[in-house]
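> Structure provided below as structure tokens; questions to follow.
Computed from the coordinates by the stated procedures, all read-outs in this text should not be read as laboratory data. In this text, all values refer to a predicted model and were calculated from it rather than measured experimentally. Cβ placement follows ideal geometry from the backbone for every residue including glycine, while neighbour counts extend to all protein chains displayed.
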Number of protein chains: 4
Amino acid sequence: MVKVKDNETIVLIDEKERKYILNTSQKTDKYKGVGVVDPKIFVGREYGSQFDLGNKKFWVLKPSLMDKIQSLKRRAQIILPKDAAQIIINCSIKPGSKVLEAGIGSGALTVSLASMIAPNGKIISYDNREEFIDHAFKNIKTAELDSLVETKLKDVTEGIDEKNLDAIILDIPNPWDAVKHAFKSLKPGGYLCCYSPLSTQVQKNVEEIKKYNFIEIKTFENIQREIVVSENGMRPSFNMLGHTGYLTFARKTK
Amino acid sequence: MVKVKDNETIVLIDEKERKYILNTSQKTDKYKGVGVVDPKIFVGREYGSQFDLGNKKFWVLKPSLMDKIQSLKRRAQIILPKDAAQIIINCSIKPGSKVLEAGIGSGALTVSLASMIAPNGKIISYDNREEFIDHAFKNIKTAELDSLVETKLKDVTEGIDEKNLDAIILDIPNPWDAVKHAFKSLKPGGYLCCYSPLSTQVQKNVEEIKKYNFIEIKTFENIQREIVVSENGMRPSFNMLGHTGYLTFARKTK
Amino acid sequence: MVKVKDNETIVLIDEKERKYILNTSQKTDKYKGVGVVDPKIFVGREYGSQFDLGNKKFWVLKPSLMDKIQSLKRRAQIILPKDAAQIIINCSIKPGSKVLEAGIGSGALTVSLASMIAPNGKIISYDNREEFIDHAFKNIKTAELDSLVETKLKDVTEGIDEKNLDAIILDIPNPWDAVKHAFKSLKPGGYLCCYSPLSTQVQKNVEEIKKYNFIEIKTFENIQREIVVSENGMRPSFNMLGHTGYLTFARKTK
Amino acid sequence: MVKVKDNETIVLIDEKERKYILNTSQKTDKYKGVGVVDPKIFVGREYGSQFDLGNKKFWVLKPSLMDKIQSLKRRAQIILPKDAAQIIINCSIKPGSKVLEAGIGSGALTVSLASMIAPNGKIISYDNREEFIDHAFKNIKTAELDSLVETKLKDVTEGIDEKNLDAIILDIPNPWDAVKHAFKSLKPGGYLCCYSPLSTQVQKNVEEIKKYNFIEIKTFENIQREIVVSENGMRPSFNMLGHTGYLTFARKTK
């Protein structure tokens, strides 16, 4: 039986599976979705237990990666876990990887990547909008992954400082303007990934990628179809997210 | 410029993007897909370069996770990278995680999981068929991930020895028979994932899961749609894998 | 240049593409979505023209099949045009066909079927709920297809009066209870179609169908993916209807 | 009990559901898929019965629309029934409709359309390749729908002779070159449909369509997912047709 300690980050999950991350050292305050609470009251509670707070019920758990992603504050459309997962595996990201992403958005992909490259990898995140970096970095700190992430106020289409990178992920409207920099900054065998919602972006980008010594160029979209299971039978959910973005991958040779 | 060394594992990629993993310390032999070759000839080559071997051309690279998955020898239908990726992120697997999987199959999921939990995590893999363990473990060794994997000749429906696991992944025909063991062996907040091709399996399994203190129970299928991009335009590929398996996730409270 | 005449059925389409069917012989009244209007004012207007009515703009057209479907008043979930289209072609319905459907729902499928079997075919529609028949028949009358449709207050699972039918379409929760009646009432080569939202319904139904001399048994789902096209590029719509129903078809031999 | 007569068109369906259309007045010959046979032997047989012929078994039935489509000889990629069905319903095609299509391809769509517009409608089919018209018209004759179809050796991008058409369907590589002609030749409320495999075609075409008084402009793709149902459960088929073409619809006002 593991209990919550002082100065520990926890996640509260309500019965609609909304998630709120707190640290037990935080002061009494009004926490969005939770209400006015003194986080110290959770100290000594058993992880996995559920309890009442105001008129709601919450489970208390140690925050998992999914908790961190699902509780982060969104400023822009985020790269969803289903796509982040494909980026991670198709770029062969693993503990120790050195990865550049641009732009940072709300930091959702950053959190996923940082979780995977611990303990000794590095995420470098470019964005040319200071307010996005500030907002995202707060999310990354809440997720306790800030030691693995370096942000840069920089436009990736103007150049990349780093060399010998394991992967570069571009979530910008004009990835084709950064492809030549990406090629130079990747190690042999390193992966480029571009996330683009529109057909024309994919097309223009793939044309640019083909000018360099990239192999294994592929584009796909990843569709998640939720299944509703009840005692009467199962069926796909009526509500479905029809599209997020196309994912294009390419791998540098030399 | 990084060069291939002696006693180093490399991947050869041909022009159809088929992949072959070799170690430069191996002896002259006939290697499937490559032909008769003395692996020592690669020592001193530049990573990322392409060269002729017989009547084929090969790139030489350091094996990435995708190379390891794509080159492994299949004995049974494997869990594909698109699904492995969803398992990893939805089970919040990360460096240091302790994960049990059953059965081992050809070791494809094992390789993905082991790559992600390095350097100090552990994959425990149960299978009640010795020949599958032997076959899979060879694949895991080729992928140089064997130090992170422990195999057990054991039927997971008869019990799980380990406790306080971060995640348990069941790829067996009757996952419902292992749910009660899984519940006991997961830590609070730990994830259960079941991979099942058929509707009836999902239904029976979700019914069993609901008997325990699991939250965040969800089922989905993940569909990857390859996009063909040419200078004339883009379109989804005519050939498509229509189905692999349904993924059911659940999270233990206490 | 064709003009609207007296005693003619027209469709008004607003700028959000909502559709309202009226007859120019109807009296001044408040028409839902249109406002208070004397339908006679449309007489003499040119078909295809747009005009102001209150603070909205409407195009006036002769009602097409899609207008009839899209303007009908829904009481229950309807079979959508995408699925109606598959039913029509996979049951080989054509002018002159004699088709039985059960239940009638809001009459949406009935309208599609009746349009296709004109001028000398027949739709027989069973429902055991009088209020559904009444509601649906009003929709069918508005669509000016009532001369092609015969309704029966009858439970299709208790028997089918008609013989030698070209097709039978079952949109009821328990189609398996009507399969034996359907088999008897179909002509050789006639088609049975069952529409079911749930996996368990499909399974139970296909098991029942296999007991009879049916061939070409197949089940599929039909997914429509709307594409958003703008000058910047195209992409699948973010909003998507994830599921309607599974369609099972079978064909009687003798 | 209905029996096959002399000079009657029948379909033979083998146990793999391959279909062969014959007329009982044809002479003894080698018929592809059937073998050497005198079609007169079927006269007097009961419709719906199965019998041996050589080492195969065949059911004999009156040809349905699906039989006609599935047995036609393909010269080029055809518009599949799933898409033909969407064209029919979204263009509100019905008995009596006057429809132009270009090009004719193998006549598969022509057969579907002609079946639906009987007994007093008309399909006009343009193609600028004489050999395609010849090939397609043979298929249309076999389907006994030739009295409803008029073919023209003509490039639809150079103009359309007909006026006041209910629908125009363009299955050509450059539909945008025919849009202005289509607009002129449609009746108010008439439908334009363009079938295009590639994103760039859709984009260019929609831009052209927007220049004219078309409303209800929409593009979608229609995906059919076959479901495999067995006593063990059901699942989507592993093999799936990933893409056919995008369908764009628009409706003329005036």
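> Which residues does a label at D:Lys56 reach in the range D:1-38, if reach means a backbone N under 15 Å from a point 7 Å past the Cα toward the Cβ?
Within reach of a label on D:Lys56: D:11-23, D:29-38.
> Just to be sure I understand the model, the point goes 7 Å from the Cα along the line to the Cβ. What's the resulting D:Glu162 to B:Tyr31 distance in nm?
Inter-label distance under the simple model: 6.4 nm.
> Related question: Could you give the distance between the Cα centres of the range D:231-254 and the range B:183-253, to the whole Å?
22 Å
> Now for a different question. Determine, for C:Glu8, C:Glu150, the number of other Cβ atoms within 10 Å of each Cβ, and report the residues in order from fewest to most.
C:Glu150, C:Glu8
> Antiparallel versus total DSSP beta bridges in the protein assembly as shown: what percent is that, nearest 5?
Expressed as a percentage, antiparallel bridges in the protein assembly as shown total about 65.
> Shifting gears a bit: Once you compute Rg and the Kirkwood Rh from C-alpha atoms, what is the Rg to Rh ratio for the range C:132-240?
Using only Cα positions, Rg/Rh for the range C:132-240 is 1.10.
> Hey, another quick one. Could you tell me what percent of the DSSP beta bridges with both partners in chain C are antiparallel, to the nearest 5?
Given both bridge residues lie in chain C, the antiparallel proportion sits at roughly 65 percent.
> May I pose another question? Select the chain A residue whose beta carbon lies nearest to the rotation axis carrying chain A onto chain D, and write the distance in whole Å.
Residue of A nearest the axis onto D, distance in Å: A:Ser199, 2.
> Where the label is 7 Å out from Cα toward Cβ, how close does D:Gly35 come to the same position in every other copy, in nm, shortest first?
Ordered by increasing distance: 4.8, 7.5, 8.1 nm.
> Measure out, as a whole number of angstrom, how far apart the alpha-carbon centroids of the range A:16-52 and the range D:126-143 sit.
Cα centroid to Cα centroid, the span is 73 Å.
> Using the Cα gyration tensor of chain A, with a ≥ b ≥ c the square roots of its eigenvalues, what is the shape: rounded (a/c below 1.5), prolate (a/b larger than b/c) or oblate (neither)?
Prolate, because a/c is 1.5 or more and a/b exceeds b/c.
> A further question follows. What does the copy distance list look like for A:Lys184, label position 7 Å along Cα→Cβ, in nm and ordered from shortest?
5.6, 6.1, 8.3
> Sticking with this structure for a sec: Antiparallel DSSP bridges in the range B:153-254: what percent, to the nearest 5?
Of those bridges, close to 75 percent are antiparallel.
> Search the structure for amide H atoms under 5 Å from the amide H of C:Ile124, placed 1.01 Å from N in the peptide plane, and list their residues when 5 or more places away or on another chain.
C:Val99, C:Leu100, C:Glu101, C:Glu150
> Using a label point 7 angstrom from Cα along Cα-to-C-beta, what distances in nm, from shortest up, separate D:Lys57 from the other copies?
Relative to the other copies, D:Lys57 has label-point distances of 5.5, 5.8, 6.4 nm.
> With a point put 7 Å past each Cα toward its Cβ, work out how far D:Glu130 is from D:Glu231 in nm, to one decimal.
6.0 nm
> Also, I was wondering about something else. Return the long-range amide H neighbours of B:Lys56 (sequence gap of 5 or more, or a different chain), with a cut-off of under 5 Å between placed amide H atoms.
none
> Using only the alpha-carbon atoms, what does the protein assembly as shown span along each of its principal axes? Please give whole angstrom values in decreasing order.
80, 71, 58
> Using θ = phi - 60° and the Karplus relation 6.51 cos²θ - 1.76 cosθ + 1.60, list the HN-Hα couplings for the range C:98-110 in order, rounded to whole Hz, with x at every Gly or Pro.
Going residue by residue, I get 10, 10, 10, 10, 7, x, 7, x, 9, x, 5, 5, 4 Hz, with x marking Gly and Pro.
> Right, another one. Only Cα pairs under 8 Å and at least 6 apart count here; give the relative contact order of the range B:101-254 as a rounded whole percent.
The normalised contact order for the range B:101-254 reaches 20 percent.
> What whole-number volume per residue, in cubic angstrom, does the convex hull of the C-alpha atoms of the range D:19-126 give?
135 Å³
> Convert each backbone phi in the range C:51-67 into a coupling constant with the Karplus relation 6.51 cos²θ - 1.76 cosθ + 1.60 (shift: θ = phi - 60°), then list the ³J(HN,Hα) values in order as whole Hz, x for Gly and Pro.
Rounded to whole hertz, the list is 8, 8, 8, x, 9, 10, 10, 9, 8, 10, 9, 6, x, 8, 4, 5, 4.
> Let me ask something additional. Of the chymotrypsin sites (Phe, Trp or Tyr not before Pro) in the range C:138-247, which ones lie in a loop per DSSP and count no more than 14 other C-beta atoms within 10 Å?
Within the range C:138-247, the qualifying chymotrypsin sites (Phe, Trp or Tyr not before Pro) (loop, at most 14 other Cβ atoms within 10 Å) are C:Phe238.
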